[in-house]
Amino acid sequence: MEKLVAEVLSRLDPESVWAMSQGCRAVSIEKDADRVRYIVECGASRVGVHASGGVAGGELARFIDHTLLKANATRSEIEKLCDEAALHGFAAVCVNPVWVKEASRRLKNSSVQVCTVAGFPLGASVTDVKVFEARRAIFDGAGEIDMVINVGALKSGEDARVRDDIAAVAVACHENGAICKVILETALLTDVEKVKACTLSKEVHADFVKTSTGFGPGGATPEDVALMRGVVGPDVGVKAAGGIRDTAGTRKMIEAGASRIGASAGVKIIRGESAASDQY
């Protein structure tokens, strides 16, 4: 695995993925043909290339998981989050597990999904606890589970342990009709580890890979999103989360390859405003 990942990185650096993600330009693809070919051989069915036209302002809402994961969130704040999501047509709300049942009731007549977290925010819970969290949340009405990987195991080179941890939660989700998103916490990882985590997630059929918890030392970057998209190809989602505060930043993530955006500033983003701060 180490040799494979190192070779992938040597052939697919973030700048190349970033360049390819900016538009359907034959020159860029021809220039990086060997890199594209190699990443496909290493597991990606294709490398996603995004149209240069971008996303219209009115379409941004469908990318956004309207998020409130702070410890002191109140019932009224959760209700407001849900009502905003339904009003604006966000993809999902993302709340802590204790609020899943309430959010599910609030959104039962809308198309908005309820997303929650498992092993959050450290990823250091044992696997069966993450699985129980996922199953209980789905029972309460969640349709999407964002689980945090065992970061320490990944950095220790314990690939099988990381794979099994992700696989167990993914199976729990899929058996119950829910989506599994895998949070890497990219600010704690080297590029080699990011590629490895994406590869392991894809191997066990996770539905998304996700950059960050929003509670770590850093958030999403376009470069990380582009790298992740290059590894997983077009058939696995990429969620950018952490520090996304405005429309311009959101567009950069989508242009880099993000298919979902996690942000507490969702309303400001679609209105073209800038949030003063955004932990998530």
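Every number in this text was worked out from the coordinates using simple rules, so none of it is lab data. For clarity, every value in this text was computed on a predicted model and none was experimentally measured. Note: ideal-geometry Cβ built from the backbone for every residue, glycine included; neighbour counts use all protein chains shown.
Modelled spin-label separation between Ala248 and Ala160, with each label point placed 7 Å from Cα along the Cα-to-Cβ direction: 5.0 nm.
With the convex hull constructed from alpha-carbon coordinates only, the range 58-271 shows a mean projected area of 10.3 nm² over all directions. Summing charges over all other residues whose Cβ lies under 13 Å from the Cβ of Gly177, with Lys and Arg as +1 and Asp and Glu as -1, gives -2. Using a cutoff of 8 angstrom between alpha carbon atoms and counting only pairs six or more residues apart, the relative contact order for the range 58-271 works out to 18 percent. Given Val204, Val192, Val238, which one lies farthest toward the positive end of the charge dipole of the range 121-270, if we put +1 on the Cβ of every Lys and Arg and -1 on the Cβ of every Asp and Glu? Comparing the listed Cα positions along the dipole, Val238 ranks first.
First select every other residue whose beta carbon is under 9 angstrom from the beta carbon of Cys94; then total the charges, Lys and Arg +1, Asp and Glu -1.
Values: positive: none; negative: Asp65, Glu144, Asp146.
Counting the neighbours of Cys94, the net charge comes to -3.
Label separation (His174 vs Ala71): 3.6 nm, computed from points 7 Å beyond Cα along the C-beta direction.
Amide H contacts for Ile179 (H built 1.01 Å from N in the peptide plane; partners 5 or more residues away or on another chain; cut-off under 5 Å): Glu144, Ile145.
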